[in-house]
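Scroll down for the structure; my scribbles are underneath it.
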Amino acid sequence: MVVINNYEEFEKYVGQELGVSEYLKITQEQINRFADATLDHQWIHVDQERAKTESPFKTTIAHGYLTLSVLPHMWAQIADVRNVKSLINYGIEKLKFNQPVTVDSEIRIRVKLLSLVNLRGIAKAELKATMEIKDSPKNAFEATIVFFYHFN
């Protein structure tokens with residue numbers, strides 16, 4: 001895990017890969033709870049029997065936004081950014097879902113610090129996040145994640 005105590009330490013990582021999270025298994029229970037939380041009960045996510053026969057994947061798949069929503073959990077496994085008054089999820093740029101995550105797949109995130117800019121005391125970090133699927137040559141998604149860190 002990378003430990004970052006201030007802007008100057010963070011800045012040293014620009015252009016570098018910061019790390020890779022542990023794998024996380026995506027279960028049907030997790031998919032169902034996400035469907036309930038977001039009111040998105042499309043059959044391809046929640047109907048296991050129908051998915052076996054009608055889905056091109058022959059099983060259910062995770063919501064794309066479910067895979068995206070576990071990013072903060074995985075980011076916390078890669079970097080411990082300390083001495084922060086606040087962290088703001090500012091945006092997601094260039095998001096592209098490349099391959100669905102089928103139920104019981106394991107996913108992890110790989111993160112590279114693309115840039116860090118000091119905006120009058122607020123650090124704007126642009127991170128390239130690639131979600132990998134275990135034993136798959138294609139990733140689930142790639143995106144540029146933008147965080148604002150207000151260091152003490």
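Readers should treat all values here as calculations from the given coordinates under stated rules, not as data from a laboratory. All figures in this text were calculated on a predicted structure; none of them were measured in a lab. Glycine also receives a Cβ, built like all others from the backbone with ideal geometry; neighbour counts cover every protein chain displayed.
Using only the alpha-carbon atoms, how far is helix 28-38 inclined from the longest principal axis of the chain? Give it as 0 to 90 degrees, nearest 10.
Tilt relative to the chain: about 70 degrees.
Given the stretch 1-109 reduced to its alpha-carbon atoms as identical point scatterers, what log10 I(q)/I(0) does the Debye formula return at q = 0.14, 0.15, 0.18, 0.21 Å⁻¹?
Rounded to two decimals, the profile gives -0.68, -0.76, -0.95, -1.15.
Put a dot 7 Å past each Cα toward the Cβ at GLU106 and ILE92; how far apart are the dots in nm?
2.4 nm
So for the pair LYS124, LYS138, with labels modelled 7 Å out along Cα→Cβ, what separation do we get in nm?
Placing both labels 7 Å beyond Cα along the Cβ direction yields 3.3 nm.
Suppose every K and R has +1 on its Cβ and every D and E has -1 on its Cβ; what is the size of the dipole of the chain about the Cα centre, in Debye to the nearest 20?
For this selection, approximately 320 debye.
Suppose each label sits 7 Å from its Cα in the direction of the beta carbon; what would the LYS52-HIS73 distance come out to in nanometres?
Between LYS52 and HIS73, the simple spin-label model gives 2.7 nm.
Taking DSSP loops as anything outside H, G, I, E and B, show the longest stretch in the chain free of trypsin sites (Lys or Arg not before Pro) there with at most 14 other beta carbons within 10 Å.
Free of exposed loop sites, the longest segment is 13-57.
Rank ALA125, ALA51, ALA140 by mean-square fluctuation in a GNM of the chain with C-alpha springs under 10 angstrom and give only the top-ranked residue.
Result: ALA51 has the largest fluctuation of those listed.
Which of these, GLU11, GLU142, GLU126, has the largest mean-square fluctuation under a Gaussian network model of the chain (Cα springs below 10 Å)?
GLU11
To the nearest whole percent, what portion of all C-alpha pairs in the stretch 94-152 is separated by more than 14 angstrom?
Tail of P(r) above 14 Å: 59 percent of Cα pairs.
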